[in-house]
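Structure record follows, encoded as structure tokens.
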Amino acid sequence: MGSVVILGSAYPLRGGGLATFNERLARAFMDLGHKVSIYTFSLQYPGLFFPGKTQYAEGPPPVGLDIKVKVNSINPLNWRRVGRELCDLKPDLLVIRYWLPFMAPSLGKIASLVKNNAHTRVVAIADNIIPHERRPGDKFLTRYFINRVHGFVCMSGSVVQDLLSFRVDKKRIRLCPHPLYDNFGQAVGREEARRHLGLSGVEKMALFFGFIRDYKGLDLLLKAFAIEDLKQLPVHLVVAGEFYTRPAPYHRLVQLHGIGERMIWRTDFIPDDQVRYYFSATDLVVQPYKQATQSGVTQVAYHFERPMVVTDVGGLPEMVPHGKAGYVVPPSPEAIAAAMADYFVNNREKNMVGTLKKEKKRFSWDRLVNSLLDVAEKTREHGDS
């Protein structure tokens, strides 16, 4: 057993994706006997660049985790200080979450300093290599980071291909699917969940869950609700997640298509202890993304055994067997509406839930831990520096 440091978002930054994942990964390492600490951000995003209401969690810290609030994403002096501290600490493995070119200078500098101790293996979990929302300089920044770590674990084949486009040696890459988000508690009965959420009058429910960004295609889903095959069904759409883009265009679409009576907006941040109620309450989870690599929402749906409609972009088709655990469709309102109508009209839930129970077994945290350890060891054996 060894010592592991995870460098990435964690408490007091709020959950909802990166922080939730990193904290769960720490527990997976600990369950296998490793000594683990998380180095998180004292400043992750300058307020000017953060699209939500707050970056910080309410409530107490997670129990049993060693979280050190250390990293300032925009202060080069801080990067040197943290890098030297970790270099001297000499963990066996440093796991870095990479999801955005903005983070490349800080994370890359820290990684390069840690590698100086000639002991620690530095492995990145690459959420995105080419970001969904692109900006000038993205490739330059990403290349800077790539050249400062030993290896990579990717959670979708599309990210592997993006890494290969940067001429990264295949020996430095492992592919492992995104594990289940199993830390939101157990499902409750559908009616109990709807009562808890104040949705007792809803007959059929579809759920769009997570931070609302333009690439996630909520506009396609709203247009799908205006298509006759779906419009005639007693299905409500619950949009649960904070806006990280301008709300006005989405509300205009609702008004334009006359679907306001079937819309339920819950656009404050959804805390972890409420997640299970939304997934337990719904009949169908819809991810109408225009671009994607992988999605944590898919893995929450698997945990709660909720069938899905996903679009055939990025790694989403790898996660959801079409016609078995859900539907994989083109990112168009017509295709999304047709899949949803088929699900509700033909009562597909029972068969799809049966497949979800089987499929979810392949998404384990142990598999991710072993992938990280394997690429670290193999790069050591090959003498990668």
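Here are a few things to note about the model shown:
- Of all residues in region 1-14 being surrounded by fewer than 24 Cβ atoms within 10 Å (Cβ to Cβ) and within 30 Å of Phe243 (Cβ to Cβ), the one that is modelled with the lowest pLDDT: Arg14
- Evaluating Val168 against the criteria (1) free of Cβ contacts under 8 Å to residues at least 24 places away in the same chain; (2) under 19 Å from Ser295 (Cβ atoms) leaves one unmet condition, (2).
- Residue that is farthest from Met103 (Cα to Cα), among those in region 130-165 that are touching a residue at least 60 places away in the same chain (Cβ under 8 Å) and among the small types (Gly, Ala, Ser): Gly157
- Selected residue (criterion: surrounded by the most Cβ atoms within 10 Å (Cβ to Cβ)) from residues of region 157-183 that are closer than 18 Å to Gly17 by Cβ and touching a strand residue (DSSP E or B) at 6+ places or on another chain (Cβ under 8 Å): Val159
- Residue within region 281-290 that is of a type in the set (Gly, Ala, Ser), part of a loop (DSSP other than H, G, I, E, B) and closer than 27 Å to Tyr215 by Cα present: no
- The listed residue being modelled with pLDDT of 95 or more and outside the structural domain of Ser158 (by TED's automatic domain parsing), out of Val313, Val328: Val328
- Applying the condition of being among the aliphatic types (A, V, I, L, M) and not in a helix (DSSP H, G or I) to region 231-253 and asking which residue is surrounded by the fewest Cβ atoms within 10 Å (Cβ to Cβ) yields Leu233.
- Looking only at region 79-100, and only at residues there that are farther than 16 Å from Ser112 by Cβ and in a loop (DSSP other than H, G, I, E, B), the one that is modelled with the highest pLDDT: Asp92
One line per residue, one yes/no per condition, for (1) touching a residue at least 24 places away in the same chain (Cβ under 8 Å); (2) closer than 20 Å to Ala224 by Cβ; (3) not polar (S, T, N, Q):
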position: Val313; (1), (2), (3): yes, yes, yes
position: Leu316; (1), (2), (3): yes, yes, yes
position: Gly326; (1), (2), (3): yes, yes, yes
position: Val329; (1), (2), (3): no, yes, yes
position: Met340; (1), (2), (3): yes, yes, yes
position: Lys350; (1), (2), (3): no, no, yes
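- Every test in (1) modelled with pLDDT of 95 or more; (2) of a type in the set (Gly, Ala, Ser); (3) farther than 24 Å from Leu175 by Cβ is passed by Ala301 save one, and that test is (3).
The values are calculated or read from the model by the stated rules, or taken from the named source; none is laboratory data. Please read all numbers here as calculations on a predicted model, not as lab measurements. As a convention, Cβ positions derive from the backbone with ideal geometry for all residues, glycine included, and neighbour counts pool all protein chains shown.
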